[in-house]
Amino acid sequence: MGIDADKIIQILTTATLAGLLFSSGLALTGQSVWQAVCQCRIVLVLVVNFVVTPALAFALAWALALSADQTTAMALLAAAPFAPVVPTFTRLARANAALAGALTGTVPLLSAFLTPLICKAGLSYFWKSAPFQFDAPKALIVLFATITLPLSAGILVRNTSATVASRLLKPMQFISEGAGTLALIAAISSQRDHLLAAVGGPLVAMIVLFEVSFFLGFAVGGPDFPARFVIATGTANRNIALALLIAVQSFPASRITGYVVADGLALILMGLIHVGLWRLFVRNRLPADSTLN
């Protein structure tokens with residue numbers, strides 16, 4: 001049953017990632033990407049997301065003496081920034097939707113190559129007595145096929161015909177988000193016995209990671225407040241679908257998938273809380289000409 005559930009989750013998460021990245025490609029233009037780069041300190045943003053946040057995750061895992069599978073789940077999320085939910089949170093917060101779309105479409109392109117390498121390098125210490133191995137080359141191939149190719153295909157369609165891209169965008173987003181919801185439901189159902197095991201140290205570590213990452217993202221996000229909120233939200237909210245895909249592909253029938261689900265649910269809840277706090281205490285106090293694209 002566990003293997004069947006893993007296969008179902010793998011198929012659904014693959015469809016989710018491929019569909020969302022294809023959708024992102026349909027909406028991306030060279031101008032939107034260039035504007036995104038100009039609106040934030042992109043080098044610092046990438047360093048915080050792919051170096052500082054994963055390093056913080058490993059430090060928290062060591063400090064709280066988390067197990068190898070708990071650490072692996074947190075590492076998979078920590079190495080996968082800018083979740084597909086970031087544009088939704090940005091719209092709810094009335095922040096910079098254009099920047100959120102551009103970064104959510106392009107940053108995962110780096111994740112396809114960097115996430116497996118970061119996890120492989122960082123987890124070597126915790127794997128000394130762990131009964132599993134992480135196949136980084138295989139993960140790279142899977143993510144290249146799931147992220148890089150669909151994004152490139154979407155951009156190609158956009159450059160070939162903006163009309164066709166516009167017509168495909170909404171249906172592809174609907175299908176991808178639906179598949180993502182089903183994947184999460186399947187993961188919760190198959191891992192329900194393991195979810196409670198994440199209560200305590202693993203969730204404390206994940207919440208601390210979220211908060212520190214949020215403020216780090218906000219600090220390097222540039223001078224525009226709505227843009228800084230986008231960077232902070234993307235830095236704190238990690239890509240659950242990507243982490244789930246690697247978990248079921250590299251560690252089938254393990255507790256790691258359950259920990260990824262529990263940590264991911266905590267991230268979604270924390271993200272919603274921050275959206276509410278932003279709307280309540282910050283958004284309405286900003287000047288009327290603040291960026292709301």
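The numbers here are math on the coordinates, done by the rules we state, and not lab data. Because the structure is a prediction, the values reported are computed rather than measured. Counting neighbours? That spans all protein chains shown, and the Cβs are built from the backbone with ideal geometry, glycine included.
Listed values, structure above:
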item	result
Estimated inter-spin distance, Ile11 and Ile175, nm [label 7 Å along Cα→Cβ]	1.5
Ranked list, fewest to most other Cβ atoms within 10 Å of each Cβ, for Glu177, Glu211	Glu211, Glu177
Residues Asp224, Asp69 arranged by fewest to most Cβ contacts within 10 Å	Asp224, Asp69
Pairwise Lys count, the range 2-285 - Cα closer than 27 Å, eight or more residues apart or different chains	5
Alpha-carbon centroids, the range 227-286 and the range 21-90: separation in whole Å	10
Under the Karplus curve 6.51 cos²θ - 1.76 cosθ + 1.60, θ = phi - 60°, whole-Hz ³J(HN,Hα) for the range 253-266, x wherever Gly or Pro sits	6, 10, 7, 4, 4, x, 5, 4, 4, 4, 5, x, 5, 5
Value at 222 nm in deg cm²/dmol, rounded to 500, when DSSP H runs of n ≥ 4 in the chain each add -39,500 (n - 2.57)	-24500 deg cm²/dmol
Distance (nanometres) between label positions extended 7 Å along Cα→Cβ at Gln35 and Leu110	2.1
Alpha-carbon gyration tensor eigenvalues x 5, square-rooted, for the chain, Å	29, 23, 17
Highest-MSF residue in the chain out of Leu76, Leu151, Leu44 [GNM, Cα springs under 10 Å]	Leu44
The range 2-285, relative contact order [Cα under 8 Å, separation at least 6], %	37
